[in-house]
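Asks: Can you keep this structure in mind? I'll have questions shortly.
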Amino acid sequence: MSNHLRPVENLSWDVVVVGAGSAGCAAAIAAARRGRRVLLLEAGNAPGGVSTVGGISEWYAHLDGLGDIFDSVTREMKAYGMSHECDGRYFFNSEYLKLIWQWALEQAGVHCLFHATLSGCEVRAGRVQTVEVISCGQRLSFSAEYFVDCSGEGVLGFLAGAPFMKGDPESGRTLHMSLSCQLIDTGREMTHYLPAGIEPILSSDDLPGLNVAIPMSDGRVYCNMTKIMGEDPTDPQSLSRAESRARIQLAQVVHYLNRTQFPRHALVSSAAKIGIREGRRLLGDYVLTESDITSPSGCDFPDGVAVATCAIDFHSLSEKGHGGRREKVQPYAIPFRCLRVRGFANLLMAGKCISGDQVAHSSYRMTPTCCAMGQAVGTAAALAVENGWDDIRLLPVKDLQAQLTRDGMELDACRHRAFAPEADAPQNSSPA
Ligand SMILES: Cc1cc2nc3c(=O)[nH]c(=O)nc-3n(C[C@H](O)[C@H](O)[C@H](O)COP(=O)(O)OP(=O)(O)OC[C@H]3O[C@@H](n4cnc5c(N)ncnc54)[C@H](O)[C@@H]3O)c2cc1C
């Protein structure tokens, strides 16, 4: 690495977590509250990832048994007015979630570095040695015993040279991206305007994505209606193109809503970043597959460290609307092997970048599940440091499971309830 690297006050950490989304926050808290020195690196300005900065103000899952970290966040969000349309589908104000995550991170003693974009990493003999970030025009480097990739798109694994999967095995297409937005009632009719050259949407059949425009209890309308297909969220040019295309779609969608359901609502905000459903899926010691999660006998693994409950929600990769596959699955365990990056002794992962095929991913990618996985890997990294194990495969999974159980995680998949939005939700039941 270059000579221009400048260390911050603490060069060396027990655990470095990359990405302060739902998975990364839970991972960092789980490790820090056991007394480990934890650095959380985040490119944006707030924790929460897709659930906050990404503007997605809803969770899918039955919320029990996903660990005490998620429990406490849920409790706080309920106090802030989180509502549910049906058991398993929860709506909230993402601005409060930013605060709740930040407060929980501070209470646990996590050191957060915002505006810190991971840009490099040094690997020796299957161990990540240091990671490098760019922040405020400076390049900083950090070493640690253990590293956790919670970047959503598997950026740390990618930079470390880990193998990964991406998109449909044939077309390479990933699940589409969506730019979400919020509207607010102004109390007066809106003028209908679109800049010259941007075509209006004439009927609901022409909407690009889901028809999700949901009035929230605090007066906002939360919209998740754009659909950008055929772009690659891990390619710089393509991601930029996706943002630009989504901005035009958003204008068309709001124009349509003003002429139909919401004549008095103004656009007040859009997400700080387009919502990426699927990026790289890093290869782990095991790949969770569609046949695992649809197995009629139910899917369990002896090394399960989190449970996923949400249906397969596989949007069409080429048609507008949902156009894809929704299928209820029995709750299933996520094996610890899917959270260990193959070929690396000290690199773990959690959240939507874990090791699974594209169909399994469309189920386990939901936020509550990502949180549970985060708690599992943060606890694992902390236990490994405490015991002086320099390879995560030395950690007896039974010890990890016992600790997670003590920390409120129900690891018996049979004791969870399956959640399928289209079956359980009374209205506006378009999935995520
Ligand atoms: C449009 C959309 C709708 C959805 N709807 C629902 C829903 O209704 N219900 C539900 O439960 N789930 C839903 N999901 C899924 C869910 O929101 C996400 O899959 C989940 O929150 C992912 O969490 P994560 O922590 O793995 O990743 P993210 O939330 O993506 O967090 C990753 C974090 O890493 C940071 N990062 C990335 N690269 C770097 C870097 N180089 N350096 C430093 N930091 C970096 C990012 O800034 C981000 O904060 C939806 C997703 C999308 C995109």
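The values are calculated or read from the model by the stated rules, or taken from the named source; none is laboratory data. No experiment lies behind these values; they were computed from the predicted model shown. Note that we place each Cβ from the backbone using ideal geometry, even for glycine, and neighbour counts take in every protein chain shown. For the accessible areas, the whole protein counts, side chains as well, though only heavy atoms, and no ligand, DNA or RNA atoms are used. Shrake-Rupley method; radii C 1.70, N 1.55, O 1.52, S 1.80 Å.
Asks: Within 10 Å, count the other beta carbons around each residue, average over each peptide in 391-400, 110-119, and list them highest first.
Replies: Listed from highest to lowest mean packing, they are 110-119, 391-400.
Asks: Keeping all protein chains in place, calculate the accessible area per residue for the range 126-250 (probe 1.4 angstrom), answer in Å².
Replies: I get 44 Å² per residue for this part.
Asks: Roll a 1.4 angstrom probe over the protein heavy atoms and tell me the percent of accessible area of the range 111-268 that is carbon or sulfur.
Replies: For the range 111-268, the apolar C and S fraction of the accessible surface comes to 52 percent.
Asks: Put 96, 286 in order of accessible area, largest first, 1.4 Å probe: what do you get?
Replies: 96, 286
Asks: Right, here's the next one. Which whole-number value in Å² is the accessible area per residue of the range 271-334, probe 1.4 Å?
Replies: I get 35 Å² per residue for the range 271-334.
Asks: Using protein chains only and a probe of 1.4 angstrom, how many square angstrom of residue 37 are accessible, to the nearest 10?
Replies: It works out to around 100 Å².
Asks: If you don't mind, there's one more thing I want to ask. Assuming 0.692 mPa s and 37 °C, estimate D for the chain with Stokes-Einstein, Rh taken as the Kirkwood radius over Cα pairs, in µm²/s.
Replies: D, rounded to a whole number, is 151 µm²/s.
Asks: Now a separate question. Excluding same-chain pairs closer than 8 in sequence, count the lysine pairs in the chain whose Cα atoms lie under 27 Å apart.
Replies: Value for the chain: 22.
Asks: Here is a follow-up. Just order 373-383, 192-202, 53-63, 158-168 by mean Cβ neighbour count inside 10 Å, highest at the front, would you?
Replies: 373-383, 53-63, 158-168, 192-202
Asks: Among bridges DSSP assigns within the chain, what percent are antiparallel (round to 5)?
Replies: Here the share of antiparallel DSSP bridges comes out near 70 percent.
Asks: Let me ask something additional. For the range 63-160, report the % of Cα-Cα distances exceeding 17 Å.
Replies: Everything past 17 Å amounts to 65 percent.
Asks: Tabulate in residue order the Karplus-calculated ³J(HN,Hα) for the range 87-98, using 6.51 cos²θ - 1.76 cosθ + 1.60 with θ = phi - 60°, rounded to whole Hz; enter x for Gly and Pro.
Replies: Values, residue by residue: 4, x, 10, 10, 10, 8, 9, 4, 4, 6, 5, 4 Hz.
Asks: Could the peptides 22-28, 40-46 be put in order, highest first, of the mean number of other beta-carbon atoms found within 10 Å of their residues?
Replies: 22-28, 40-46
Asks: Could you check the spin-label model distance between residue 205 and residue 414? Points 7 Å from the Cα along Cα→Cβ, value in nm.
Replies: 5.0 nm
Asks: Amide H neighbours of residue 284 under 5 Å, at least 5 residues apart or on other chains, H built in the peptide plane: list them.
Replies: Amide H neighbours of residue 284, under 5 Å, 5+ apart: 342, 355.
Asks: Given contacts defined as C-alpha pairs under 8 Å and at least six residues apart, what's the relative contact order of the range 62-209, whole-number percent?
Replies: Result for the range 62-209 is 10 percent.
Asks: Around residue 130, which amide H atoms from residues at least 5 apart in sequence, or from another chain, sit under 5 Å from its own amide H, with H modelled in the peptide plane?
Replies: 122
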